[in-house]
Amino acid sequence: MNRLDRLFQQKQKDILNIYFTAGYPNLEDTEPIILQLEKSGADLIEIGMPYSDPLADGPTIQESGQVALKNGMTLDILFRQISDVRKKSDIPLVLMGYFNQVMQYGEARFFDKCAEVGIDGLILPDLPMDVYEQDYQRMISDPDNNRDLRISFLITPQTSEERIRKTDELSTGFVYMVSRAAITGAKSDIEQQQIDYFNRVNDMKLQSPRLIGFGISSHDTFSTACQYANGAIIGSAFIKALAKGEIKDTVDEFVNMILGNVPTN
Amino acid sequence: MTYAINTKGYYGEFGGAFIPEMLYPNVEYLRNNYLDIINEEGFQKEFRSLLKDYVGRPSPLYFAKRLSAQYKTNIFLKREDLNHTGAHKINNTIGQILLAQRIGKKRIIAETGAGQHGVATATVCALMGIECIVYMGEIDIKRQAPNVARMRMLGAKVVPAKSGSKTLKDATNEAIRDWINHPEETHYIIGSVVGPHPYPDMVAIFQSVISEEMQWQLKEQIGSPNPDMIIACVGGGSNAAGAYFHYLDNTDVRLVAVEAAGLGVDTGESAATSVLGTKGIIHGSRTLLMQTPDGQIVEPYSISAGLDYPGIGPMHAHLIDSGRAEAVSITDKEALDAAFHLTRIEGIIPALETAHAFAALDKIKFSEKDNIVINLSGRGDKDLETYIKYLDQQ
Ligand SMILES: Cc1ncc(COP(=O)(O)O)c(C=O)c1O
């Protein structure tokens, strides 16, 4: 069974999805980060494929990508790392990146590789829904080729109701609710305007699970987001934390801080 | 076969709008409305009147007698350098500021390489009393200092782009991020025929006044609206798109696209996208770009800030990929020499970008009876420091 499907069957509230950039801070940190995130209580992990020109990302994720690329990260290395970590972990893994990376790898080859190494879902923010429907929808979930991938599309406070419905229909993983009109990493509190948007989407009774991301950085913002969706996504704040020290302790401390627990490690 | 854009926003397989959802409402609004807005009578009247009385159009089509004699052919120069602010860029910014006003936007952002588009944007914002923010690579801020000063005098805020190669690509990234952060009040005036659909078409339409004028000017001067060949430099490709526009489907007219080879196409320090590029996505458009096998965009290099870009617009990708246009690559040195040559033989100091188009005369074949139009996209005031340094080294 696809691990994302399993997760959403088992858990409908307070889902913690952590994003990190593969190859940051060091090339071979992918495995220790994933294993510790799972141990400390993350439910779902979004692995960023570092990109030279990440249009939707703020300085923190941009810089982590630059470091990762300097460290020599490539898609082939990343797939090898994921294949290794899959022998030790059963946590749902989602790959996030820009569509050009998929195109250059070769779309079919990329989806095959994802399926082979145990990736469960994809987030490709600049892949338009109409192009997806026309060219890739049948490819990513294709039993004949042993592909059973999920995909998540984004909505923002400016997305029309009609388009939110379309996003809900096409998303097979979860609907990624961008919390505000911003690139990643804009740190701030959750304002009334955003809560109105969360409520508006809530009232639409979508079929897909919803996770809120962008600007979630603390126990408070995580808890607030979880009141209005099935969970939340944390990226930049985690990457900032990773810069600070040894992986195991840093990851454990961070996850416990977000969940509001006393550290266990 | 047509080389114009199709209803889905593609030139052949190139184009489209590969953008994150945060940009979708603005881009979609433009897509649904740009043609109606541009074609509306009041818009056209205001656009045409500003082009005439403010920009100084029509720009002359000048028969370059001495240059023609030297190359043993007939060379006409389309004098976009004589436009207000000194380049073709203002044709587009006049159009886009009128559009921004009609869709109620109160804040303008732009990217710039050579600073010509930045100046042209700052100029129309001053003209209309609208706030203006221009993103410019840190390296370009240094090498195009006179234009930075002009933008500041015009009241624009110039924000340095410090990521990547600190040039045009990175300035464009920053402008796009700004737009994501300020979607409601902001219009993004892209400076070339790049970016997500409808930008490449919108910019090409505004620039198409160049070939529109060429048609009647040639008719007057040679008795036919058609030249045998049009030569233009290509950064993103807006001056070339404007010069080609009305001739795209007239295959009797040869189209020559001149790219910057930098230190040479094989040196690793180049911006010759049609030689070094492969199909992929840059700035929301499926086109040709310089990239690694893993899809990481390669940092380009050219002495000319306006051509120092790792992609080309989707129209040009299609024209070159299909064989409709010929691409020529010109090195820094060839461009510098061509700039001095044009200056000494015709008394016209071209922009460094434009100088690449003139250097192409040494690389292509033509006959004695050919009528060749070179799009003289801009003047060289902004490049004097580079030119004088080169002169002193000789
Ligand atoms: C004078 C001049 N010509 C050409 C260009 C290149 O742009 P495009 O290819 O869009 O015409 C620039 C860009 O800054 C310019 O200033």
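Nothing in this text is a laboratory measurement; each read-out follows from the coordinates by a stated rule. Note that this is a predicted model, so its numbers are computed, not measured. Because the Cβ atoms are built from the backbone with ideal geometry, glycine has one as well, and the counts that use them run over all protein chains shown.
For a quick check: sort A:Ile45, A:Ile164, B:Ile374 by the number of other beta carbons within 10 angstrom, fewest at the front. Walk me through the intermediate numbers first.
Numbers: A:Ile45 23, A:Ile164 19, B:Ile374 27.
Ordered from fewest to most neighbouring Cβ atoms within 10 Å, A:Ile45, A:Ile164, B:Ile374 come out as A:Ile164, A:Ile45, B:Ile374.
Out of the DSSP beta bridges found with both residues in the protein assembly as shown, what percent are antiparallel (nearest 5)? Spell out each step's value before the answer.
Numbers: 18 of 79 bridges.
Close to 25 percent.
In segment B:67-148, which trypsin sites (Lys or Arg not before Pro) fall in coil by DSSP and have 14 or fewer other Cβ atoms within 10 Å? Let's see the in-between values first.
Values: sites: B:Lys72, B:Lys78, B:Arg79, B:Lys89, B:Arg102, B:Lys105, B:Lys106, B:Arg107, B:Lys142, B:Arg143; in loops: B:Lys72, B:Lys105, B:Lys106.
Sites meeting the loop and neighbour criteria: B:Lys72, B:Lys106.
Roughly how many whole Å is it from the C-alpha centroid of segment B:64-124 to that of segment A:128-205?
40 Å
Can you give the mean number of other chain Cβ atoms that lie within 10 Å of the Cβ atoms in peptide B:295-302?
Values: counts 14, 12, 5, 1, 1, 0, 0, 0.
Going residue by residue through B:295-302 and averaging, the value is 4.
Sort B:Ser377, A:Ser236, A:Ser83 by Cβ crowding within 10 Å, fewest neighbours at the top. Write out the running numbers ahead of the final one.
Values: B:Ser377 33, A:Ser236 24, A:Ser83 14.
Placing the least packed residue first, the sequence is A:Ser83, A:Ser236, B:Ser377.
Loop sites only, by DSSP: take the GluC sites (Glu not before Pro) in chain A that have at most 15 other C-beta atoms within 10 Å and name the longest stretch containing none of them. If you can, show how the numbers build up before the last one.
Values: sites that count: A:Glu191, A:Glu246.
That would be A:1-190.
Please report how far the C-alpha centroid of segment B:283-310 lies from that of segment B:199-216, rounded to the nearest whole angstrom.
25 Å
Using a 10 Å Cβ count of at most 13 others and DSSP loop calls, identify the longest part of chain A lacking such trypsin sites (Lys or Arg not before Pro).
Working: sites that count: A:Lys13, A:Lys87, A:Lys88, A:Lys205, A:Lys244.
Of all site-free stretches, the longest is A:89-204.
For chain B, can you list the cysteines whose C-beta has no other cysteine C-beta under 4.7 Å from it?
If one checks each Cβ against the other cysteines of chain B, B:Cys233 turn up with nothing under 4.7 Å.
Kindly list the residues of segment A:147-162 that lie in the label zone of B:Glu184, defined by a backbone N under 19 Å from the point 7 Å along the Cα-to-C-beta vector.
A:155-161
Whole-Hz Karplus ³J(HN,Hα) for segment B:78-88, in order, using 6.51 cos²θ - 1.76 cosθ + 1.60 and θ = phi - 60°, x for Gly and Pro?
8, 7, 5, 5, 8, 4, 3, 6, x, 7, 5
Just want the answer: with Cβ charges of +1 for Lys and Arg and -1 for Asp and Glu, which residue in A:Ser160, A:Met129, A:Thr224 is farthest toward the dipole's positive end in segment A:3-259?
Toward the positive end, the furthest listed residue is A:Thr224.
Spin-label point model (7 Å from Cα, Cβ direction): what's the B:Met128 to B:Lys365 distance in nm?
Spacing of the two 7 Å Cα→Cβ label points: 4.8 nm.
Set the Förster radius R0 to 51 Å, insert the Cβ-Cβ distance between B:Ala4 and A:His219 as r into 1/(1 + (r/R0)^6), and round the FRET efficiency to 0.05. Numbers along the way, then the final one.
Values: r = 56 Å, r/R0 = 1.09.
It comes to 0.35.
Got a sec? Charge dipole of the protein assembly as shown, +1 on Cβ for Lys and Arg, -1 for Asp and Glu; which of B:Leu276, A:Ser64, A:Gln9 is way out at the positive end?
B:Leu276
Just add up the charged neighbours of B:Tyr29: K/R +1, D/E -1, any other residue whose Cβ is under 12 Å from the Cβ of B:Tyr29. Each step should come with its number before you reach the end.
Details: positive: B:Arg31, B:Arg102, B:Lys105; negative: B:Glu28, B:Asp36, B:Glu184.
That sum, taken over residues with Cβ under 12 Å, equals 0.
Take segment A:3-259, drop everything but the C-alpha atoms, weight them equally and run the Debye formula without solvent; then report log10 I(q)/I(0) at 0.08, 0.09, 0.10, 0.17 Å⁻¹ to two decimals.
For segment A:3-259, the Cα-only Debye profile gives -0.27, -0.35, -0.44, -1.44.
Label points 7 Å out from Cα along the Cβ direction at A:Asp14 and A:Glu133: separation in nm?
Between A:Asp14 and A:Glu133, the label points sit 3.8 nm apart.
Using only helices, what value at 222 nm comes out for chain A when you add -39,500 (n - 2.57) per DSSP H run of length 4 or more and divide by the total residues, to the nearest 500 deg cm²/dmol? If you can, show how the numbers build up before the last one.
Values: 12 runs with 117 residues, N = 265.
Helix contribution divided over all residues of chain A: -13000 deg cm²/dmol.
Can you give the three extents of the C-alpha atoms in segment A:131-171 along their principal axes, from longest to shortest, in whole Å?
Projected onto the principal axes, the Cα atoms of segment A:131-171 cover 38, 16, 11 Å.
Would you calculate, for chain B, the mean residue ellipticity at 222 nm contributed by helices, counting each DSSP H stretch of 4 or more residues as -39,500 (n - 2.57) and dividing by all residues, to the nearest 500?
Numbers: 16 runs with 164 residues, N = 394.
About -12500 deg cm²/dmol.
Using a Gaussian network model on chain B with a 10 Å cutoff between Cα atoms, which of B:Ala126, B:Ala271, B:Ala114 fluctuates the most?
B:Ala126
Can you sort B:His341, B:His318 so the residue with the fewest Cβ neighbours within 10 Å comes first? Provide the component values of the computation, followed by the final result.
Numbers: B:His341 18, B:His318 24.
The most exposed by this proxy come first: B:His341, B:His318.
Grab the other residues whose beta carbon is less than 14 angstrom from that of A:Ala181, score K and R as +1, D and E as -1, and report the net. Provide the component values of the computation, followed by the final result.
Values: positive: A:Arg180, B:Arg107, B:Arg177; negative: A:Glu191, A:Asp196, B:Glu21, B:Asp178, B:Glu184, B:Glu185.
That sum, taken over residues with Cβ under 14 Å, equals -3.
If the chain between A:Asp5 and A:Met257 were fully stretched, how many nm would it gain, using 0.36 nm times the residue separation less the Cα-Cα distance? Show your work: numbers first, answer last.
Values: separation 252, 0.36 × 252 = 90.72 nm, distance 2.69 nm.
The span from A:Asp5 to A:Met257 would gain 88.0 nm if fully extended.
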